[in-house]
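Here the structure comes first, spelled out in structure tokens, and everything after it is commentary.
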Amino acid sequence: MIDFKGKKGVVLGVGNSRSIAWAITESLHQCGAELALTFIEDPKGRYEKNVRSLGTQVEASIIHPCDVQDEKAIDSLMEVISQQWGKLDFLVHSLAFAKQEDLGGSFSETSRDGFLKAQEISAYSLLPLSAGAAPLMRKNGGGSIITMSYIGAMLAVPNYNAMGPAKAALESSVRYLARELGTDNIRVNAISAGPIRTLSASGVKNFSTLIQGVAEQSALKRNVTQAEVGATAAFLCSDAASAITGQTIYVDCGFNVMGGA
Ligand SMILES: NC(=O)c1ccc[n+]([C@@H]2O[C@H](COP(=O)([O-])OP(=O)(O)OC[C@H]3O[C@@H](n4cnc5c(N)ncnc54)[C@H](O)[C@@H]3O)[C@@H](O)[C@H]2O)c1
């Protein structure tokens with residue numbers, strides 16, 4: 001098992017116990033990492049309640065609001081981490097957003113606002129988060145940044161629509177960030193996971209058909225689990241992945257390599 005004793009990292013994107021971010025959090029906790037979690041504020045405080053409750057299970061030492069649309073919220077998160085830990089070993093970006101109407105129907109009719117919102121939250125946010133994390137990682141001699149992508153970045157997947165270009169921008173951003181931050185021994189990678197039943201995924205029209213089709217067509221003839229993505233994330237955060245940066249690693253039971261009509 002990977003040993004994260006003394007390592008500290010922040011995971012953004014835990015919404016509930018089915019979130020991929022939660023499986024990543026559990027995996028990092030099992031390896032001994034000390035964790036910070038974030039939540040977005042909604043009128044009923046559901047996200048905060050979920051994250052505070054899940055946070056106790058992994059003894060999260062920092063739980064802080066962070067809506068990535070708000071630059072000040074990102075600054076505030078980094079300030080709290082700086083004051084409490086004075087360093088950061090890894091940052092996990094496992095969040096995305098697209099309007100429901102932009103996850104089905106005619107792609108060409110995606111609204112300007114919907115397209116830009118998907119880009120801002122799902123792709124652009126990795127930049128200010130990396131900029132905020134980098135000084136804390138530099139102090140430490142390096143670090144690891146991970147984000148979550150999907151094959152819809154490369155292929156025109158039915159109904160994925162506005163999220164496709166957002167994930168393409170995200171994967172490209174990973175390469176540019178890897179180039180920039182590599183000189184400080186900060187590695188930046190994406191995991192391209194196969195489809196998983198989560199709250200976000202349920203917003204994609206006909207997701208059940210998609211996930212069933214992927215299971216049938218993947219090399220392993222099944223879907224990936226949250227825990228398998230969590231284990232890959234822990235590997236990428238660890239020193240075992242010390243020469244891996246700028247990559248999009250497919251964790252999809254081999255779906256992406258299969259040919260055929
Ligand atoms: N579920 C899948 O099939 C699948 C496959 C590949 C990649 N992914 C990616 O995995 C990541 C996690 O998604 P998930 O499937 O676990 O769904 P999820 O709904 O559990 O997580 C999405 C998270 O994004 C957060 N979020 C939304 N807007 C935000 C904002 N403005 N600021 C901060 N956080 C915000 C939500 O709070 C939520 O916790 C996403 O990037 C998603 O695109 C999912």
Exercise. Expressed in nm to one decimal, what extension gain is obtained for the pair ASP113 and LYS87 from 0.36 nm per residue of sequence separation less their Cα-Cα distance?
Worked result: 5.7 nm
Seminar exercise, completed: For the pair ALA243 and GLU59, the simple spin-label estimate (label points 7 Å beyond Cα toward Cβ) gives in nm 3.5 nm
Seminar exercise, completed: Note on region 120-261: the mean projected area of its alpha-carbon convex hull, in nm², is 8.7 nm²
Exercise. Among 82-94, 66-78, what's the highest-first ranking by average C-beta atoms within 10 angstrom per residue?
Worked result: 82-94, 66-78
Seminar exercise, completed: So GLN217 and MET154, fully extended at 0.36 nm per residue minus their Cα-Cα distance, gain in nm 21.0 nm
For this session: Obtain the nm distance between the two label points defined at ASP3 and THR225 by a simple spin-label model: each point lies 7 Å from its Cα along the Cα-to-C-beta direction.
Result: 2.7 nm
Problem set entry | On Cα atoms only, tilt of 71-84 relative to the major axis of the chain in degrees | 40 degrees
For this session: Averaging sequence separations of C-alpha pairs under 8 Å and six or more residues apart, then dividing by the length of region 8-250, give the relative contact order as a whole percent.
Result: 21 percent
Problem set entry | Dimensions in Å of region 8-250 - Rg and Dmax from alpha carbons | 17.0, 49
For this session: Report, in deg cm²/dmol and to the nearest 500, the calculated mean residue ellipticity at 222 nm for the chain, where each DSSP H run with n ≥ 4 adds -39500 (n - 2.57) and the sum is divided by the residue count.
Result: -12000 deg cm²/dmol
Exercise. Ranked highest first by average number of other Cβ atoms within 10 Å, how do 26-32, 213-219 line up?
Worked result: 26-32, 213-219
For this session: Treating the angle as unsigned and between 0 and 90°, give the value, to the nearest 10°, between the Cα long axis of helix 46-57 and the longest Cα principal axis of the chain.
Result: 60 degrees
For this session: Could you pull out every residue, at least 5 positions away or on a different chain, whose amide H is within less than 5 Å of the one on TYR250? Hs are placed 1.01 Å off N in the peptide plane, and Pro or chain starts have none.
Result: SER192
Problem set entry | Cα gyration tensor shape for region 1-93, rounded if a/c is under 1.5, else prolate or oblate | oblate
Exercise. What is the helix-to-structure angle for 207-217, meaning the angle in degrees between its Cα long axis and the longest Cα principal axis of the chain, kept from 0 to 90 and rounded to the nearest 10?
Worked result: 90 degrees
Exercise. Mind ordering 127-134, 145-152 by average Cβ neighbours within 10 Å, highest first?
Worked result: 145-152, 127-134
Exercise. Of CYS253, VAL174, ASN159, whose Cα points farthest to the positive end of the dipole of the chain (charges on the beta-carbon: +1 Lys, Arg; -1 Asp, Glu; origin at the Cα centre)?
Worked result: CYS253
Exercise. What is the extension gain from GLN69 to ASN185, computed as 0.36 nm multiplied by their sequence separation minus the C-alpha to C-alpha distance, in nm to one decimal?
Worked result: 39.0 nm
For this session: Identify which of ASN189, ASN140, ASN161 has the largest mean-square fluctuation in a Gaussian network model of the chain, with springs joining Cα atoms closer than 10 Å.
Result: ASN140
Exercise. Between their Cα atoms, which of LYS87/LYS167; LYS5/LYS72; LYS72/LYS167 are more than 27 Å away from each other?
Worked result: LYS87/LYS167; LYS5/LYS72
Problem set entry | Computed E for LEU127/THR209 - FRET, C-beta separation, R0 51 angstrom, nearest 0.05 | 0.90
Exercise. What residues qualify as long-range amide H neighbours of GLY143, i.e. H under 5 Å apart, gap of 5 or more or another chain, H built at 1.01 Å from N?
Worked result: ILE186, ARG187
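Values in this text are rule-based calculations from the coordinates and carry no lab data. In this text, all values refer to a predicted model and were calculated from it rather than measured experimentally. So basically every Cβ, Gly included, is an ideal-geometry build from the backbone, and we count neighbours across all protein chains shown.
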